[in-house]
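Single-structure report; data block below.
The values are calculated or read from the model by the stated rules, or taken from the named source; none is laboratory data. Remember, it's a predicted structure, so these values are computed and weren't measured experimentally. Here the Cβ positions follow ideal geometry from the backbone for every residue, glycine too, while neighbour counts run over all protein chains shown.
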Amino acid sequence: MFIAKSGSKVVVEPHRHGGVFTAKGKKDDLCTKNLVPGEVVYNEKKIFVQNEDGTKVEYRVWNPFRSKLAAAIFGGADDVWILKKPGNRVLYQGAASGTTIFIVSNLVGPIRVVYVIEFSHRSGRDLVNMAKKPTNVIPIIQFRGLFFCG
């Protein structure tokens, strides 16, 4: 599929890992379909594709310099467990403010759940706010020795 991105043409193709796509243009970028169109964390690039039937699909570029999971996939990892079986739940520790979590939410899809654990008060606040948008993210935050499940 051809799309316009900053005035240039880009081809978006499915990656060998389900739910991951490659946007091929001046450089290759990993991306995922955005379950919450219009929402991004840390101003990631968005790519819009207009299908033949006129509907638009929004993709979020997944930066391997901001995500260890993206770096592993970009580097050629063969086995990514969260992408293997429908119905799996994901427990993600050390979520910080949620950049990768938003992508993992896209990867597991709307019917699966991502449980996110964060111990930092400041990052936890950001994470709780981020988790209000995707319906499949449940943050678990530690505040003063107690855990809060949002």
Considering residues of the stretch 91-112 that are crowded, with 24+ Cβ neighbours inside 10 Å and in a loop (DSSP other than H, G, I, E, B) only, the residue modelled with the lowest pLDDT: Gly98
Just for the stretch 3-35: of the residues that are charged (D, E, K, R) and part of a strand (DSSP E or B), which one is modelled with the lowest pLDDT? Lys5
Working carefully through the options Gly75, Gly38, Gly54, find the one that is small (Gly, Ala, Ser), surrounded by fewer than 16 Cβ atoms within 10 Å (Cβ to Cβ) and within 23 Å of Ala131 (Cα to Cα). Gly38
Being modelled with pLDDT under 80, of a type outside the set (Asp, Glu) and either in contact with a Lys or Arg (Cβ under 6 Å, 6 or more places away or on another chain) or surrounded by fewer than 23 Cβ atoms within 10 Å (Cβ to Cβ) (or both) is the filter here, so list the residues in the stretch 113-127 that pass it. Phe119, Ser120, His121, Arg122, Ser123, Arg125
Could you tell me whether Glu39 is farther than 19 Å from Asp78 by Cα, charged (D, E, K, R) and modelled with pLDDT under 85? yes
Just for the stretch 77-90: of the residues that are aliphatic (A, V, I, L, M) and not in a loop (DSSP other than H, G, I, E, B), which one is modelled with the highest pLDDT? Val90
Is at least one residue of the stretch 63-74 touching a Cys at 6+ places or on another chain (Cβ under 8 Å) and either in a loop (DSSP other than H, G, I, E, B) or touching a residue at least 24 places away in the same chain (Cβ under 8 Å) (or both)? no
Some residue of the stretch 47-54 being out of contact with any Cys (no Cβ under 6 Å at 6 or more places or on another chain), over 15 Å from Ile101 (Cα atoms), modelled with pLDDT of 85 or more and outside any strand (DSSP E or B): yes
What are the pairs with Cβ atoms under 8 angstrom where one residue, in the stretch 29-40, is closer than 18 Å to Ile82 by Cβ and the other, located anywhere, is among the basic types (Lys, Arg) and surrounded by fewer than 17 Cβ atoms within 10 Å (Cβ to Cβ)? Sequence gap at least six, or different chains. Asn34/Lys46
